[in-house]
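Chemist: Structure below; questions to follow.
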Amino acid sequence: MSDSVPSAGPLPRHGAGTMRYEAMVMGASAGGLEALQTILSALPAHFAIPVLIVQHLSPQSENLLAEVLNRQCRIVVQEAEEKETPRAGMAYIAPPDYHLMVEADRTLSLSREERVNFSRPSIDVLFETAAEAYGDKLIGVVLTGANADGSQGLRVIKKFGGTCVVQDPRTAVAARMPQAAIESTRVDYVVPLVEIAPLIVGLLEGKHG
Amino acid sequence: MDDLENQNLEIKLLLEAIFQKYGYDFRNYSMAHLKRRISRRQLLDGFASISEMTNRVICDADFFDRLLLDLSINVTEMFRDPTFFKAIRHQVVTFLKTYPFIKVWVAGCASGEEVYSLAILLQEEGIYDRAQIYATDFNQVVLEKARKGIYAIDRIKAYTENYQKSGGQRSFADYYSARYDAVLMAAALRERVVFADHNLVTDGVFGQMHMIVCRNVIIYFDRQLQKKVVCLFMESLIDGGFLCMGQKESLSFSEYFDQLVLINEKEKIFQKRYPPGDRSQNE
Ligand SMILES: C[S@@+](CC[C@H](N)C(=O)[O-])C[C@H]1O[C@@H](n2cnc3c(N)ncnc32)[C@H](O)[C@@H]1O
């Protein structure tokens, strides 16, 4: 079976009909709007997997982020709702002041428990729960930011055999977050912002293996 | 991964032990949420495994009390989500005013901040004197805090802002007295409140409520348990009564369409329909 053995090495070959990846998670903080715009607007309308996103925001902010991004993208971008099952061609953003989590049955949950890394939503919370739910069929992406949220989560994604991508800190508005991620995990790819979307589209097509 | 499956099994056994020994039923809470809380306690107390924690829970009631606090998220604040309270003022109070006596149930009230907020609101709208507020939670520790009505002074600035954003008509300082590093809420705000132990999963109906407020509680339940609790609320509401859920709680409205009218989508405020015979009320 193709879904049993997690592997940190080269990607396993897959026969027709089996998908190497089933979801992507992204985390961003300071400078994240521009980074998310760059990546999401470069994804094709029929992007084959769902995208789950945490962007740090002030708790009071009205969630205009999903609306703004939705207008600029071919995939549909919306605020995540509890209990929904993420679908391909869609991106889901954690609401301000709520953690976003993935359940074992791959439905979404929201939570208002304590802040993690001073943040709610926290990137680690999304990444860790998604890693357990999707195992090696997950791509994790850490983007620009001025704190270290996401590092721990990326390590868990790696542990479960997922693929880790980090924005090249030199192309980040705030370098600390991608830098911390690179230092804490043997990530698979460190690439400039504009190359992230092409890389991911390539990964889904089975390139870069 | 086998590790993961084993861990999930250990968590199931822990929840089963808690249920059998103490009667608290977490078996239909969101698993991702429970798992984070349990792992956190495991890490803090240095348990080698979850099974070890299960043994401890079975033998040590004090440890269970601590775990109960971990599993029930008690994070709350005064006038949390101020726009909700504003909507109550503008859309619900007019209806409540038509009744000679008003029963309000705040389910999952945690340490009481939401209860005092509602009491203030009802007072400012002139209907507090004919209201009875039932404030319930399944956690004795937080209920005791709610009864006392003493809160840390360093939160007051944020609460005052929330109060103002919620459409508050006076100075928030009118409602508490400060002493040292704490504030004590005015006794009048407690006068018409009954604090009581009630478990939404295992306890029964609370009859004839005009309004039920249950925010940020069922967000931690799975779909099946959410449905069960919403049924409990439906049975506890009078016809024309109001059900207020948390802003991001997506009770799949379509399923309740024949029983509930959505009054405010963003704030998740619903009104229970009148029975079909009473059609004049249902336009
Ligand atoms: C996050 S607090 C919500 C407090 C307040 N309603 C608010 O929105 O700020 C959740 C509360 O629900 C309580 N709770 C959780 N499960 C419950 C149950 N089965 N029955 C009664 N209360 C429960 C917890 O003890 C906790 O105090």
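The values are calculated or read from the model by the stated rules, or taken from the named source; none is laboratory data. Please read these numbers as outputs of a predicted model, since none were measured by experiment. Every residue, glycine as well, gets a Cβ built from its backbone with ideal geometry; the counts of neighbours run over all protein chains shown.
Chemist: What's the number of the condition A:Leu100 fails, among (1) over 19 Å from B:Asp70 (Cα atoms); (2) away from the ligand (no atom under 16 Å from the Cβ)?
Modeler: (1)
Chemist: Now, a different point. Please give the number of the condition B:Arg40 fails out of (1) crowded, with 19+ Cβ neighbours inside 10 Å; (2) within 28 Å of A:Ala131 (Cβ to Cβ); (3) in contact with an Asp or Glu (Cβ under 8 Å, 6 or more places away or on another chain).
Modeler: (1)
Residue-wise test of (1) closer than 30 Å to B:Glu161 by Cβ; (2) of a type in the set (Phe, Trp, Tyr).
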residue	(1), (2)
B:Glu5	no, no
B:Ile11	no, no
B:Glu16	no, no
B:Arg27	no, no
B:Leu44	no, no
B:Asp60	no, no
B:Phe63	no, yes
B:Ser72	yes, no
B:Phe79	yes, yes
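Chemist: When the stretch B:195-223 is examined, which residues are found to be within 14 Å of the ligand (Cβ to nearest atom) and within 11 Å of chain A (Cβ to nearest Cβ)?
Modeler: Selection gives B:Arg215, B:Asn216, B:Val217, B:Ile218, B:Ile219, B:Tyr220, B:Phe221, B:Asp222.
Chemist: I've got another one for you. Being over 19 Å from B:Arg190 (Cα atoms) and either surrounded by 19 or more Cβ atoms within 10 Å (Cβ to Cβ) or within 14 Å of the ligand (Cβ to nearest atom) (or both) is the filter here; which residues of the stretch B:81-90 pass it? Quick ask: steps written out before the conclusion?
Modeler: Filtering the stretch B:81-90 for residues over 19 Å from B:Arg190 (Cα atoms) gives B:81-84, B:86-90.
Residues satisfying the conditions are B:Asp81, B:Pro82, B:Thr83, B:Phe84, B:Ala87, B:Ile88.
Chemist: Residue check, B:Val75 against (1) away from the ligand (no atom under 11 Å from the Cβ); (2) part of a loop (DSSP other than H, G, I, E, B), all met but one. Which one?
Modeler: Of (1) away from the ligand (no atom under 11 Å from the Cβ); (2) part of a loop (DSSP other than H, G, I, E, B), only one is false for B:Val75: (1).
Chemist: Also, I was wondering about something else. Kindly evaluate B:Gly112 against the criterion of being on the phi > 0 side of the Ramachandran plot and within 18 Å of the chain's Cα centre (by Cα). Even if it seems obvious, please write down each step before you answer.
Modeler: Details: on the phi > 0 side of the Ramachandran plot: yes; within 18 Å of the chain's Cα centre (by Cα): yes.
Answer is yes for this residue.
Chemist: Something else about it: Filter the stretch A:85-101 down to residues that are under 12 Å from A:Pro50 (Cα atoms) and in contact with a strand residue (DSSP E or B) (Cβ under 7 Å, 6 or more places away or on another chain) and give me whichever is farthest from the other protein chains (Cβ to nearest Cβ). Steps first, answer last, please.
Modeler: Residues of the stretch A:85-101 that are under 12 Å from A:Pro50 (Cα atoms), as a first pass: A:85-93.
Okay, now just the ones that are also in contact with a strand residue (DSSP E or B) (Cβ under 7 Å, 6 or more places away or on another chain), so A:86, A:89-93.
On the way: A:Pro86: 14, A:Gly89: 21, A:Met90: 16, A:Ala91: 18, A:Tyr92: 13, A:Ile93: 12 Å.
That would be A:Gly89.
Chemist: When B:Ser39 is evaluated against the numbered criteria (1) within 14 Å of chain A (Cβ to nearest Cβ); (2) within 16 Å of the ligand (Cβ to nearest atom); (3) over 20 Å from the mean Cα position of the chain (by Cα); (4) hydroxyl-bearing (Ser, Thr, Tyr), which criterion, by number, is the only one it fails?
Modeler: Result: B:Ser39 passes all but (2).
Chemist: In addition: Does B:Gly23 satisfy the condition of being at positive phi and free of Cβ contacts under 8 Å to residues at least 24 places away in the same chain? Please lay out each step first, then the result.
Modeler: Values: at positive phi: yes; free of Cβ contacts under 8 Å to residues at least 24 places away in the same chain: no.
When the stated conditions are applied, B:Gly23 does not pass them.
Chemist: When the residues of the stretch A:109-132 are narrowed to those that are among the hydrophobic types (A, V, I, L, M, F, W, C) and surrounded by fewer than 24 Cβ atoms within 10 Å (Cβ to Cβ), which ends up farthest from the other protein chains (Cβ to nearest Cβ)?
Modeler: Residues of the stretch A:109-132 that are among the hydrophobic types (A, V, I, L, M, F, W, C), as a first pass: A:110, A:116, A:118, A:123, A:125-127, A:130-131.
Adding the requirement that they be surrounded by fewer than 24 Cβ atoms within 10 Å (Cβ to Cβ) leaves A:116, A:118.
On the way: A:Val116: 9, A:Phe118: 15 Å.
Checking each candidate, the answer is A:Phe118.
Chemist: Condition check: surrounded by 14 or more Cβ atoms within 10 Å (Cβ to Cβ), within 16 Å of the ligand (Cβ to nearest atom), in a helix (DSSP H, G or I) and not assigned by TED's automatic domain parsing to the domain that holds B:His198. Does B:Phe19 satisfy that? I'd like the intermediate steps shown before the answer.
Modeler: On the way: surrounded by 14 or more Cβ atoms within 10 Å (Cβ to Cβ): yes; within 16 Å of the ligand (Cβ to nearest atom): yes; in a helix (DSSP H, G or I): yes; not assigned by TED's automatic domain parsing to the domain that holds B:His198: yes.
Yes; evaluated as a whole, the condition is true for this residue.
Chemist: Report the residue count in the stretch B:91-136 for those that are within 16 Å of the ligand (Cβ to nearest atom) and hydroxyl-bearing (Ser, Thr, Tyr).
Modeler: Selection size over the stretch B:91-136: 5.
Chemist: Can you find a residue that is within 16 Å of the ligand (Cβ to nearest atom) and either assigned by TED's automatic domain parsing to the domain that holds B:Tyr151 or part of a loop (DSSP other than H, G, I, E, B) (or both) anywhere in the stretch B:43-59?
Modeler: Residues of the stretch B:43-59 that are within 16 Å of the ligand (Cβ to nearest atom), as a first pass: none.
No: the stretch B:43-59 contains no residue that is within 16 Å of the ligand (Cβ to nearest atom) and either assigned by TED's automatic domain parsing to the domain that holds B:Tyr151 or part of a loop (DSSP other than H, G, I, E, B) (or both).
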